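Novice: Mind having a look at this structure? Questions to follow.
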Amino acid sequence: MSIHLQETQRRRTFAIVSHPDAGKTTLTEKLLLFGGAIQMAGSVKGRKAARHATSDWMALEKERGISVTSSVMQFPYEGKIVNLLDTPGHADFSEDTYRVLTAVDSALMVIDCAKGVEERTIKLMEVCRLRDTPIMTFINKLDREGRSPIELLDEVESVLGVACAPLTWPIGMGKRLKGVYHLLLDEVHVFEQGKNFTRQDSTIFKGLNAPGLEQAIGTEALNELSEELELIQGASHPFDLEQYHAGKLTPVFFGSAVNNFGVQLLLDFFVEHAPEPRSRATLSREIKPAEEKLTGFVFKIQANMDPAHRDRVAFMRICSGTYTAGMKMLQTRTNKEVRIANALTFMASDREIVESAYPGDVIGLHNHGTISIGDTFTEGEAVSFTGIPNFAPELFRRARLRDPLKMKALQKGLAQLSEEGATQFFRPLMSNDLILGAVGVLQFDVVAYRLKDEYGVDASFEPVGVVTARWVHCDDAKKLEEFREKNAMNLAIDAAGELVYLAPSRVNLQLTQERSPAVRFSATREHA
Ligand code: G4P
């Protein structure tokens, strides 16, 4: 088998989806710990702290208790290469999360055993369902009193519409937590406070009749377990790989992330059964990971990841072929060839220059304003990947500058930050206003904070009479010119130089559309 195929088959690229506070950060930390990517528990928090030191705008994230950036973490485990794509948790940043979910092959859903299926999880699962993304489930915080496991599985099945196949089963909960039983391995893993960090650390019994088990967990717990197992073997679904890969069934694990309990069982199962890189649709054909020519798409752009370097990075998911340093790629939207010598990889938190990368991997391309979200890169074929959502702004504000001498810096900041896709930046044809559009109101705070921190610009945002934006296109140059003249008052140019109609009201938009039948109005910027 070729190196390209071997490397492809060992990739596992996924994201964790959860409601804030369910334990995503804690679980990430433990997964990295097992992957050897970090030396001791607590390092993700340490990593968070280190990032605060270099990037002050993260303080905003801390103040609000939300995570506004996503990153990519790669680590080896049991002969596989795991790529974990982090997703921001707060509802306001959902566009970013949606796009991250287009770049994974599977997802891991974390549920708090006391809270069950929460609102963010429902939304994220809807997105996963659009693409039949296979989901694994981790029911967390077993060390606390929660709802009964059967009730939790029922809720996942009825609210999320996916069949549950429990792979582990809790023995007690909260103070009575004794361990978990692995249904496929027929093993009891005993819960011991402050242990469970490695397999050697854990006490494992083979089968329910194993000598010593009854002493270890107590007669009552053992009897309860036997009864529950009979019940679930009748009532729940057995694990079925095909159904899992089709997104119809979710393997369920129980545990406690903060205690590192049940996490390794999850990870072992994950690397064995989670799907390897899958095929992806383009406008013209499906592209298979086994194809030898490189293809990939950009699902995320981030400005000023490291303020010391003032860089902007475009995150590209590789879909086929092999990336090697120095190769030439075709950016299909612009039809330009670019040489990529210094793409970044994301081994845990360290950014390194990568020599080669394979399907499932994410590489970071340095962006100088020429790369947009949704862009496809290939070795020459003119294809474009589909399904990378682009969100229409729903809220608009005018930027107000405190120091007029900072105009240049303000424009640059607004333009660069809008490349990330969470905000859009518009310059009206007939005024000197700078207008920002966003999907969520929190974005204006984030931009104001980052303008100050990263660009040294003190700006605020005030209401402006715009309710919606439409990108306008017309194949007839003369008609477009006419339209432009007639509607100049409401037209603006976006950060990429495209013409946009900023409507003061829905009625106005409707009338304008009726009066200009030759002009196409689209709610999002077209990439292809
Ligand atoms: P998130 O990224 O999904 O938002 O959740 P995060 O991991 O930050 O966890 C949210 C809180 O839940 C944290 O407590 C974390 O310690 C706690 N937690 C995570 N896993 C478990 C678990 O298995 N059992 C229990 N009892 N708690 C768990 P915090 O008080 O917000 O933060 P911290 O001060 O403990 O770090």
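The values are calculated or read from the model by the stated rules, or taken from the named source; none is laboratory data. Please read these numbers as outputs of a predicted model, since none were measured by experiment. All Cβ positions, glycine included, derive from the backbone under ideal geometry; neighbour counts span all protein chains shown. Accessible surface areas use protein heavy atoms only, side chains included; no ligands, DNA or RNA. Shrake-Rupley method; radii C 1.70, N 1.55, O 1.52, S 1.80 Å.
Novice: Compute the distance from the alpha-carbon center of region 152-191 to that of region 107-127, in whole Å.
Specialist: Distance between centres, Cα-based: 16 Å.
Novice: If you line up the long axis of helix 506-515 against the longest principal axis of the chain, both from Cα atoms, how many degrees apart are they, to the nearest 10?
Specialist: Between helix and principal axis, roughly 60 degrees.
Novice: Continuing with this model, one more query. Could you work out what % of the accessible surface of region 122-205 is carbon and sulfur, using a 1.4 angstrom probe and leaving DNA, RNA and ligands out of the count?
Specialist: Values: 1890 of 3690 Å².
Carbon with sulfur: 51 percent of the solvent-accessible area.
Novice: Moving on. How many percent of Cα pairs in the chain exceed 35 Å?
Specialist: Working: 56549 of 139128 pairs.
That fraction is 41 percent.
Novice: By how many degrees, between 0 and 90 and to the nearest 10, does the Cα long axis of helix 263-273 differ from the longest principal axis of the chain?
Specialist: 70 degrees
Novice: Of Met73, Met1, which has the most accessible area with a 1.4 Å probe, and how do the rest follow in descending order? Please list the in-between numbers first.
Specialist: Working: Met73 0, Met1 140 Å².
The ranking, largest first, comes out as Met1, Met73.
Novice: So for Met327, Met430, what's the accessible-area order with a 1.4 Å probe, most first? Spell out each step's value before the answer.
Specialist: Numbers: Met327 25, Met430 125 Å².
The ranking, largest first, comes out as Met430, Met327.
Novice: Pairs to check: Lys115/Lys452; Lys288/Lys336; Lys300/Lys328; Lys328/Lys406; Lys24/Lys80. Give those whose C-alpha atoms are more than 27 Å from each other in this structure.
Specialist: Details: Lys115/Lys452 38 Å; Lys288/Lys336 24 Å; Lys300/Lys328 21 Å; Lys328/Lys406 38 Å; Lys24/Lys80 22 Å.
Exceeds cut-off: Lys115/Lys452; Lys328/Lys406.
Novice: At a probe size of 1.4 Å, how large is the accessible area of Phe521, to the nearest 10 Å²?
Specialist: Near enough 40 Å² of accessible area.
Novice: Where does each of Ser2, Ser284 land when they are ordered by accessible area, with a 1.4 Å probe and the largest first?
Specialist: Numbers: Ser2 50, Ser284 85 Å².
Solvent-accessible surface, decreasing: Ser284, Ser2.
Novice: Solvent-accessible area per residue for region 349-447 at a 1.4 Å probe radius, Å²?
Specialist: 42 Å²
Novice: So, one more: For a quick check of your reading of the filter: which GluC sites (Glu not before Pro) in region 177-286 sit in a DSSP loop and have no more than 15 other Cβ atoms within 10 Å? Don't jump to the answer; show the numbers that get you there.
Specialist: On the way: sites: Glu187, Glu192, Glu214, Glu220, Glu224, Glu227, Glu228, Glu230, Glu242, Glu272, Glu286; in loops: Glu192.
Those satisfying the criteria are Glu192.
Novice: Could you pull out the GluC sites (Glu not before Pro) across region 90-180 that fall in loop regions by DSSP (anything but H, G, I, E, B) with no more than 12 other Cβ atoms inside 10 Å? It would help to have the intermediate numbers written out before the result.
Specialist: On the way: sites: Glu95, Glu118, Glu119, Glu126, Glu145, Glu151, Glu155, Glu157; in loops: Glu118, Glu145.
Listed in order of number, the matching sites amount to none.
Novice: A further question on this structure: Where both partners of a DSSP beta bridge lie in the chain, what percent of those bridges are antiparallel, to the nearest 5? The partial results should precede the final answer.
Specialist: Working: 78 of 102 bridges.
Beta bridges within the chain, antiparallel portion: roughly 75 percent.
Novice: Helix 477-486 versus the longest principal axis of the chain: what angle, 0 to 90°, nearest 10, using Cα atoms?
Specialist: Tilt of helix 477-486: around 80 degrees.
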